[in-house]
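Here is the structure we will look at.
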Amino acid sequence: MVPSTVNGIEFRQVSKRYGPASAPLVVKGIDFVVAKGSLTTLLGPSGCGKTTTLRMIAGLETASGGQILIDGKDVTHLGPAERNVSMVFQSYALFPHMNVIDNVRYGLSVSGTAPKQAAERAQAALESVGLQGFDLRLPSELSGGQQQRVAVARALVLEPSVLLFDEPLSNLDARLRRSMRDEIRTLQQRLGLTVAYVTHDQSEALAVSDQIIVMDAGTIAQSGSPEDLYERPVSEFVAGFMGEAMLLEGQALAGGQVQIGPLKFQARQAVQPGHVKAAIRPEAWTVGPAQGATLEAVLVKQAYLGSTLELTLQTPLGLIFVVTSDIANAWPLGATLGLSLTGRGVSVVASS
């Protein structure tokens, strides 16, 4: 299939404030694009503006400035019903007194679709989420994962240009969250849906996204592929938000070398000589014998997690947290070990 040149969603200098013109902006003139048929996650801490941004895509909030385009059409001043957008809420918002099939075809019924056609489309939507045969069940008779699938089917049946998810997995337990995020991603790819997805969970964002937009205080801190944001964060905020990262002071030398205490590594991006900060993730360290090691470390804490070990080590650079898959080694507390960097999971970032 030839990709469309029209973007699924586009924000051009979009801002939002609640109240008079003197009120502070909660979204501050942001620009981004969601490619048609792709999934973009808006990620960030509470209060960063991600849910407000999602609601502006849906038309549930009116932008205070800028332009919003869906499928190349300016929808900035259109209401929710005129945008061809469907939203799956955190609470699923199913009608408790209606069975599954009636919940799914509700939007078609109120829009005047013929009953026979509405029933056929509702059945097809249920089949697309794996719930054929559940027509007559009430929401109270379904598991949390099944209720979520009904909510997705109800959104899909309207054949929207854009499908929006607002923290859709936050009410589910950890195992079901993993299963449902995979289902959402598979469905999105199979049907070629344009999706904007809001979460505060970075592992969820990494698992489902083509693009991640990290928001901070109403601005975009960084956007890019999951690998870009995890491996190449541009700031302390992004490095810390996209998983654990230890920030260490160092010096950039000529030729892109970075020195942190006794450690030296090659930066993977262009750096100017001078003071820098390095974000080092727990999995970036290799643990080995102390003899000949660049950085000696004393083991002060150890936790066995089945497939990995979590180690806390005292070093000349301070306490360092390490995650290693080398579970065969039974290092005693107080042992002197050696640490070195693998190269992966190490970034030079701008200071906040």
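Bear in mind that the values in this text are calculations on the coordinates, not laboratory data. Not measured: the values here are computed from a predicted model. Cβ coordinates were reconstructed from backbone atoms using ideal geometry, including for glycine residues, and neighbour counts include every protein chain displayed.
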Q) In the Gaussian network model of the chain, springs joining C-alpha atoms below 10 Å, which of Arg185, Arg232, Arg175 carries the largest mean-square fluctuation? A) Arg175
Q.
I need the per residue convex hull volume for region 261-352, using only the alpha carbons, in cubic angstrom as a whole number.
A. 111
Q. So, how do all the Cα-to-Cα distances of region 172-326 break down into 10 Å bins, in percent, from 0 on up?
A. 9, 30, 32, 20, 8, 0
Q: Grab the Cα-Cα distance for Ser225 and Asn329, subtract it from 0.36 nm times how many residues apart they are, and report the gain in nm with one decimal.
A: 33.9 nm
Q | Relative contact order [Cα under 8 Å, 6+ residues apart], the chain, whole percent | A | 16
Q: Sorted from largest down, give the three principal axis spans of the alpha carbons of the chain, whole angstrom values.
A: 78, 48, 42
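So what's region 1-97 giving for Rg/Rh, alpha carbon basis, Kirkwood Rh from the mean inverse pair distance? If you can, show how the numbers build up before the last one.
Working: Rg = 14.4 Å, Rh = 14.6 Å.
Rounded to two decimals, Rg over Rh is 0.99.
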(Q) For a Förster distance of 35 Å, can you work out the FRET efficiency between the beta-carbons of Arg137 and Ser203, rounded to the nearest 0.05? (A) 0.65
Q. Can you give the helix-only mean residue ellipticity at 222 nm for the chain, where every DSSP H stretch with n ≥ 4 adds -39500 (n - 2.57) and the sum goes over all residues, rounded to the nearest 500 deg cm²/dmol?
A. -7000 deg cm²/dmol
Q. Cα gyration tensor of region 67-217, axes a ≥ b ≥ c as square roots of the eigenvalues: rounded (a/c below 1.5), prolate (a/b > b/c) or oblate?
A. oblate
Q | Gain in span if fully extended, Gln302 to Asp173, counting 0.36 nm per residue against the direct Cα distance | A | 43.7 nm
